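Undergrad: If you scroll down you'll find the structure; I have some questions about it.
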Amino acid sequence: MDFKYDEDKRKKLRKVLRENYEKRIEEITDEYNGTLEYSITDIEKSMENDTVFFTLIEKYYDKGDYQWCFYTYLENFSKTYIEDCSYYIVKTLYPKTFSEGIKEQLASVGVIEWGEDGKETLNEVITYINSTPEGSDAYASLISDARKQLDEKNKETGENKRSASKKRSPAIGMTAEEVLESTWGRPQKINKTTYSWGTTEQWCYSGYRYIYFDNGTVSSISE
C-alpha cells in the first residue's frame with residue numbers, strides 16, 4: 001500500500017486504512033509473523049484519542065527534528081511499543097521517525113543526559129529497538145557508541161564531584177584566593193573599608209554568612 005505524506009494525514013490515513021483494510025492486515029501479519037492484528041476500530045480509536053500526540057509528532061517531523069519526533073512517540077504512547085496500533089500510524093505517516101529518530105537519540109544519549117537518567121533513557125530506546133523486527137543488531141554500533149559516551153560523561157561527572165569534595169571550608173588565616181577556592185567560593189557582595197593602617201573587607205554570602213578580612217587575611221567567619 002502506497003501512502004504519501006500530505007497536509008491532511010490523519011483523514012487520508014483513515015480513508016486508506018478503511019479502503020485497504022484486508023490488504024493492510026495481510027501486510028502487517030506478513031511483516032510481523034502474524035502476531036499483530038488490529039481492527040480498523042482499534043486503529044481509529046487510537047488516532048482519535050491521541051490527536052494531541054500526533055500533532056506534536058507532526059510538528060517535529062515537519063521541522064526535520066526526528067529525534068524529538070521519536071522521543072514524543074516513546075514518551076506518550078503505550079509502553080508495549082510495537083504492540084500498539086499507533087506504531088503503524090506513525091510508521092506510515094512519519095517513516096523517518098524511527099529510522100532517523102533512533103539514530104539521533106542514540107547519538108545524543110551520552111551528550112545531553114548521563115547518570116541514572118541517561119541509563120534509563122538508553123535502556124528505554126534499546127527496549128524499543130529489541131521489540132522491532134530489525135532488532136538491536138541493526139543499531140549495534142550506535143548502541144555501543146552511546147554506551148561509551150555515557151560512560152565517559154559519567155566518569156567526567158564523577159571526577160568533578162570528587163574534585164569538589166576535596167575543597168576546604170573557609171578558615172581563619174586564609175587568603176582571598178584560598179577562600180575563592182573553598183567550598184563557599186565567590187561572594188555575592190564585598191564591602192571594603194580603607195584605614196590608615198590598612199584595609200578590611202566583608203564578604204557577604206547567601207544565608208547571612210560573612211567572612212571578614214584584615215589586610216587580605218581571614219580574621220573572622222560568621223555563619
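Undergrad: Determine the sum of side-chain charges near Thr200: Lys and Arg each +1, Asp and Glu each -1, restricted to other residues whose C-beta is under 11 angstrom from that of Thr200.
TA: Working: positive: Lys192; negative: Glu201, Asp214.
Summing Lys/Arg as +1 and Asp/Glu as -1 gives -1.
Undergrad: So which of Lys59/Lys103; Lys103/Lys153; Lys119/Lys155; Lys91/Lys148 end up more than 21 Å apart, counting from Cα to Cα?
TA: Lys91/Lys148
Undergrad: At Trp197 and Ala138, where each label point lies 7 Å from the Cα along Cα→Cβ, what is the point-to-point distance in nanometres?
TA: Inter-label distance under the simple model: 8.1 nm.
Undergrad: Still on this structure, I have one more. Quick check on packing: order 182-192, 208-218, 53-63 by the mean number of other C-beta atoms within 10 Å, highest mean leading. Don't skip to the end; give the middle numbers.
TA: Details: 182-192: 12.6, 208-218: 15.5, 53-63: 17.7.
Top of the packing list down: 53-63, 208-218, 182-192.
Undergrad: Please give the net charge around Lys63, taking every other residue with its beta carbon less than 13 angstrom from that of Lys63, where Lys and Arg add +1 and Asp and Glu add -1.
TA: Values: positive: Lys59, Lys96; negative: Glu58, Asp62, Asp65, Glu100, Glu104.
Cβ neighbours under 13 Å give a net charge of -3.
Undergrad: In the range 176-222, if the dipole is taken from +1 on Lys/Arg beta carbons and -1 on Asp/Glu beta carbons about the Cα centre, which of Tyr210, Ser220, Leu180 is farthest to the positive end?
TA: Checking the options against the dipole of the range 176-222, the answer is Tyr210.
Throughout, read-outs are computed from the coordinates displayed, never taken from laboratory work. As the structure is a computational prediction, the values presented were derived from the model and not from experiment. Using ideal geometry, Cβ is built from the backbone for each residue, glycine included, and neighbour counts are taken over all protein chains shown.
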